[in-house]
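The values are calculated or read from the model by the stated rules, or taken from the named source; none is laboratory data. Fair warning: this is a prediction, and the values are worked out from it, not measured in the lab. Positions of Cβ are backbone-derived with ideal geometry, glycine not excepted, and every protein chain shown enters the neighbour counts. The accessibility values were calculated without ligands, DNA or RNA, using every heavy atom of the protein model including side chains. Shrake-Rupley method; radii C 1.70, N 1.55, O 1.52, S 1.80 Å.
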Amino acid sequence: QIIRGFMAKGILPDDIKPRENVLTYEAWKALGRHVRKGEHGVHILTYVPKVREVEDTDTGEITEKVFTHPHMAVVFHVSQTEVKGD
């Protein structure tokens, strides 16, 4: 999904490296970059791990249950960003 989305924007598949040069707006901001005005990102579906405490009804013992929660995000390629201050 990420590869197809950025290929549609004219970015070559070999230049698309999720978690390296494809990040969210906030991740780029934390790295000292900003997304250029007018740029549109690619919408992706990701799964966020969550932990919930569950009580056993028979024993009363509390255990932690790990599950994933779907989350929509928008990601941008490094070519859509600039160093802050430029």
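Points worth noting:
- Just one of (1) in a loop (DSSP other than H, G, I, E, B); (2) at pLDDT below 95; (3) not acidic (Asp, Glu) fails for LYS65. It is (1).
- Leading residue by the ranking (farthest from the chain's Cα centre (by Cα)) among those in segment 18-35 that are open to solvent by 90 Å² or more (accessible area, probe 1.4 Å) and modelled with pLDDT under 95: GLU20
- Residues that are touching a Lys or Arg at 6+ places or on another chain (Cβ under 6 Å), open to solvent by 70 Å² or more (accessible area, probe 1.4 Å) and over 29 Å from ALA8 (Cα atoms), drawn from segment 66-78: none
- Selected residue (criterion: farthest from ALA8 (Cα to Cα)) from residues of segment 32-65 that are touching a residue at least 12 places away in the same chain (Cβ under 8 Å) and among the hydrophobic types (A, V, I, L, M, F, W, C): VAL51
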